[in-house]
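Below is one structure, written out as structure tokens, with a few remarks after it.
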Amino acid sequence: MGVGRPAVRSQRQGVVEAGGLRRGAGAVAVAIVLLVAVGIAERIHPAGLRRFDLDQEGTVSAAFSALLDAFAGLAILLVWLQRKAGRLVLFLAPAFVYVALDEVFSFHERLETATGVNSNTWLSPLVVLGALGYLGVLRDWRSWRPAQVLITVGGLFWFVSQVLELVGHSVLFYGDTRLEAPHYAWWMVSEEFLEMSGSACFLFAGLYVLRSGGPVFDVVRRQGSDLRARWRPD
């Protein structure tokens, strides 16, 4: 009887961790939908909702999007530290961190204002590095089918969002005219929704791979178990 207890405990722990990932993914999905819904409401009736403008920096939506990007980059980096991905993944993690910082500080828009060069031009090297890292992740995570599905969907979301941004900002709604264009709001809302959803897919794909074990995750899980045992009432 005693021999089987560790295996049963490990199985229960795996079920709890999987349930935690599903609940976390559900909570993030609800948050994205709510932020987009409030962002649409802000476009219709701006009074009192400026902090939820999807097209501005320094807002609740921008902060949430930045956190998703930053944690996605961190999760991917931890996967590499567990030796579950090749060196190409190192291109992807910094790309997400940069995007997170850009959400807050608007680097590419400031460069466009200062130089007159289209902001998408400044982002081109980042896109190339991110694409290389993405291909590396697709190759290295074949053993984790759910993670690979999430990565595929997340990459598709990000690709479509950047096409929308490129076509919308550079062709259809270029410059100040985009603020008055009747369809710009829906174009922008779709772009932001896809970006946040894509980052969430990358984040939970990384977490799924991490929960399968490894030197980094095992240490964190062991420390968490020790803390729970220490504070558990007798």
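The values are calculated or read from the model by the stated rules, or taken from the named source; none is laboratory data. In this text, all values refer to a predicted model and were calculated from it rather than measured experimentally. Quick reminder, even Gly has a Cβ in these numbers, built from the backbone with ideal geometry, and neighbours come from all protein chains shown. Heavy atoms of the whole protein, side chains included, go into the accessibility calculation; ligands, DNA and RNA do not. Shrake-Rupley method; radii C 1.70, N 1.55, O 1.52, S 1.80 Å.
Quick check: anything in segment 40-59 in contact with a Phe, Trp or Tyr (Cβ under 7 Å, 6 or more places away or on another chain) and within 29 Å of Tyr184 (Cβ to Cβ)? Checking segment 40-59: at least one residue is in contact with a Phe, Trp or Tyr (Cβ under 7 Å, 6 or more places away or on another chain) and within 29 Å of Tyr184 (Cβ to Cβ). If you check Leu78 against the conditions, is it in a helix (DSSP H, G or I) and closer than 19 Å to Val28 by Cβ? Answer is yes for this residue.
Of the residues examined, Leu54 is one that is in a loop (DSSP other than H, G, I, E, B) and either buried (at least 16 other Cβ atoms within 10 Å of the Cβ) or among the basic types (Lys, Arg) (or both).
Put simply, of Val3, Val15, Val33 the only residue that is of a type in the set (A, V, I, L, M), modelled with pLDDT under 90, open to solvent by 70 Å² or more (accessible area, probe 1.4 Å) and assigned to a helix (DSSP H, G or I) is Val15. The set of residues from segment 91-107 being under 18 Å from Gly136 (Cα atoms) and surrounded by 21 or more Cβ atoms within 10 Å (Cβ to Cβ) comprises Leu92, Ala93, Ala95, Phe96. For segment 59-86, the set of residues classified as at pLDDT below 80 and surrounded by fewer than 18 Cβ atoms within 10 Å (Cβ to Cβ) consists of Arg83, Gly86, listed by residue number.
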